[in-house]
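Student: I am attaching a structure below and will ask some questions about it afterwards.
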């Protein structure tokens, strides 16, 4: 390991990230909420730490290998969690555990929270929560690799470690820095459009910007305790559904559709088609179940009102859960019978590869399903040659093995974390709900964590931090660090 080269890179990244405190500082001054000193001190601590790491390793020119990229990405997400926690410690006086949990939840776009009373918080703290989810959505590392090549630091290894699994080698432009810049320009454009539509639909400017940050990032943090039920607006909910679904689509597909000015790209991409069908099927099944059971507070005296209410709640929660956003207009854990389980299954499926969503990813689920069908076909026809295809493209066996390995590790990690949380004192429903909420980057869970993690034991919160990092880094990037062979030269 080139430790000094890694420390030098961390220094550059920290100095780069310190600029993220400037908007929060501006919001504090604009609203005169008294928190400008908190963000000024946070900025100073971050930039000084980064500068020291950079200066003391200035003469180191070693490159970054693929193996070191895994370590850098994982450790930098941890460092980001600590740095992002500074305003929560200095401004809200949260414990280190709570502050790091909130910060990691933000950067990983999970949306699980330990903070109650959001409506009474200073605007700059609320803005900070929303912004860290927006930065985490596309990945601060991907943003960094757009700038680092200009400083003589290669970014391909970081991009490969950061990008989502099977989509990590799909690049819309030949150069990695151009790829990162192209994706971020698209990301910014979608955020601005979402904010404008929220504002036109009735949100004030602060709420519109804050919720646009966490909608496109599929993050789920809100500026209100009641989340989207605070606004009680079908128009706002429709806008949120559209942009949550957009955030769950592979951004390479967005880029190609934008570059070619051709919306047919979305309908010809097999993963996007499957993603749309999963959303429509899940929302339809939940809506039918809600209508049949009367499982929400609608006006059931009017048949159309009841059906419309069921569809409104179902579509919003299905989009929120499938994309791992975690917004709520109702506590789905309290819905009757099988409905919470349907939503849990949607959370495990997640969005498309190369998106800001969590979960297994639709492309992997497609490949696993096709692999299962192929095995059944070969049992019936042992001599036949069957090939798994996505669209018209055959999928190599090594890719299928990788997807199968990812699935096994994902499920085993989820089960082990559930056991660990039960050992920490949680009942089965709450433990499983906490893991569903964190490893799938969902936010709300089941049982006692259906709304917040405020009352959870510190051990549970640290397990949740590990789970969120595992989900955000797609298992392999984190777990490979626990493999003894990784550390051998």
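Student: Tell me, in nm to one decimal, what length is gained between residue 280 and residue 400 on full extension, where the rule is 0.36 nm per residue of separation less the Cα-Cα distance?
Tutor: Going from the current span to full extension adds 40.5 nm.
Student: Still on this structure: Obtain the nm distance between the two label points defined at residue 233 and residue 393 by a simple spin-label model: each point lies 7 Å from its Cα along the Cα-to-C-beta direction.
Tutor: Result for the modelled spin labels: 4.0 nm.
Student: Evaluate E = 1/(1 + (r/R0)^6) for residue 3 and residue 45, where r is the Cβ-Cβ distance and R0 equals 30 Å; express this FRET efficiency to the nearest 0.05.
Tutor: Once rounded, the FRET efficiency stands at 0.85.
Student: Relative to the present Cα-Cα distance, how much length would full extension add between residue 385 and residue 337 at 0.36 nm per residue of separation?
Tutor: Gain on stretching residue 385 to residue 337: 13.0 nm.
Student: Counting helices only, and only those DSSP H runs with n ≥ 4, report the 222 nm mean residue ellipticity of the chain as the sum of -39,500 (n - 2.57) divided by its residues, in deg cm²/dmol to the nearest 500.
Tutor: Computed mean residue ellipticity for the chain: -21000 deg cm²/dmol.
Student: By the gyration tensor of its Cα atoms, with a ≥ b ≥ c the square roots of the eigenvalues, what is the shape of the range 197-337: rounded for a/c under 1.5, prolate for a/b over b/c, or oblate?
Tutor: The shape class here is oblate.
Student: While we're looking at this one, here's another question. For residue 267 and residue 31, what does the FRET efficiency come to when R0 = 35 Å and r is the distance between their Cβ atoms, rounded to the nearest 0.05?
Tutor: After rounding, the FRET efficiency stands at 0.20.
Student: Separate question: State log₁₀ I(q)/I(0) for the chain at q = 0.06, 0.12, 0.13 Å⁻¹ as given by the Debye formula over alpha-carbon point scatterers of equal weight, solvent excluded.
Tutor: Results for the chain at q = 0.06, 0.12, 0.13 Å⁻¹ read -0.26, -1.09, -1.29.
Student: If you don't mind, there's one more thing I want to ask. What's the extension gain from residue 423 to residue 375 if we count 0.36 nm per residue and subtract their Cα-Cα distance?
Tutor: Stretched out fully, the residue 423 to residue 375 stretch lengthens by 13.5 nm.
Student: For the range 322-366, taking Cα atoms only, what is the radius of gyration to one decimal and the Dmax to the nearest whole Å?
Tutor: Radius of gyration, then largest Cα-Cα span, for the range 322-366: 11.4, 34 Å.
Every number in this text was worked out from the coordinates using simple rules, so none of it is lab data. None of these values were measured; they are calculated from a predicted model. Don't worry about glycine lacking a Cβ; one is built from the backbone with ideal geometry, like all the others, and counts go over all protein chains shown.
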